[in-house]
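A short reminder: the numbers here are calculations on the coordinates, not readings from a lab. These numbers come from a predicted model, not from an experiment. No Cβ is skipped: glycine too gets one built from the backbone with ideal geometry, and neighbour counts run over all protein chains shown.
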Amino acid sequence: MIQISLEFTTTACNRPEILEQTYQSYTQNLKNIDFTTSTLYINIDPAPDNTNIAEVINVARKYFGIVIYNIPTEPNFAQAILWCFQQVKGEYFFHLEDDWNLMREVNIHDMIHIIKSPNISQCILNKKNINPRELHEPSFIPSLFLTKIVKVYLQLMNNESNPEAQLKNIFRKNIFQIQKYKSQSFAPHIELSRDIGREWLKSNGIKRDYDKHRTNHNQKWTPWTTWKIN
């Protein structure tokens, strides 16, 4: 089957060793993509710090032929998502955060077939125990996204709130009748993507310092800089 070039987006922080695991896993198991001619847009937040952050770029260049990167002075997940999604130019693109493993082989042509189906905006390589309530809502689980629908979401997003919560709230409120376009799992009830980020945090003694007094956890995204080493 013909290999294709594809655009990828990644929001990352300064942990090249876990990005290496992620890209190795997906470039090995996501089939029929020519990664040597594919483009990666990667935002690298300087968190927990900016020490040797160039190593993250080196990992990206090891797996993708074209790497376009952004390194902000301050970590901001919402702004990272906005920057990544604003770069995309093609009909569809693959969003891959820096902390996932792909557990099985997946043919990209099968994902494209799904994303080109009527009223589908996202084809998800779902994780284990995905919430049934959120099955058709947008999420940042590794996915193929339809660019034109992402651009609609971008018109309504800000750089302060949890970006994934923003997507879900826009969907639930059906702004611009966005519920017409739904997310679809590539293989329901099968674990395809596994989160390896939480284990990395635990093994490195890092935790998120959430404000315990906040009543609305979707209102404000806790910055990466509030991570604390135990």
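In table form, for the structure just shown:
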{"item": "Pairwise label distance in nanometres, ILE196 with GLN179, each label 7 Å out on the Cα-Cβ vector", "result": "3.8 nm"}
{"item": "Computed E for MET103/PHE140 - FRET, C-beta separation, R0 22 angstrom, nearest 0.05", "result": "0.80"}
{"item": "Within-9-Å neighbourhood charge of LEU146 [Cβ basis; K, R +1; D, E -1]", "result": "+1"}
{"item": "Shape of the range 1-96, Cα gyration tensor, a/c cut at 1.5", "result": "oblate"}
{"item": "Candidates LEU167, LEU96, LEU30: whichever shows maximal mean-square fluctuation once the chain is modelled as a Gaussian network with Cα springs under 10 Å", "result": "LEU30"}
{"item": "Those GluC sites (Glu not before Pro) in the range 37-128 that DSSP places in a loop and that have at most 16 other beta carbons within 10 Å", "result": "GLU91, GLU105"}
{"item": "Local net charge near LEU167, Cβ-Cβ under 12 Å (Lys/Arg +1, Asp/Glu -1)", "result": "0"}
{"item": "Flagged links, alpha-carbon separation over 25 Å, of LYS62/LYS116; LYS62/LYS151; LYS31/LYS173; LYS151/LYS173; LYS31/LYS180; LYS128/LYS168", "result": "LYS62/LYS116; LYS62/LYS151; LYS31/LYS173; LYS31/LYS180"}
{"item": "Cα centre as origin, Lys/Arg/Asp/Glu Cβ charges: the range 7-229 dipole, Debye", "result": "740 debye"}
{"item": "Where labels lie 7 Å past Cα in the beta-carbon direction, separation of ASN29 and THR73 in nm", "result": "4.0 nm"}
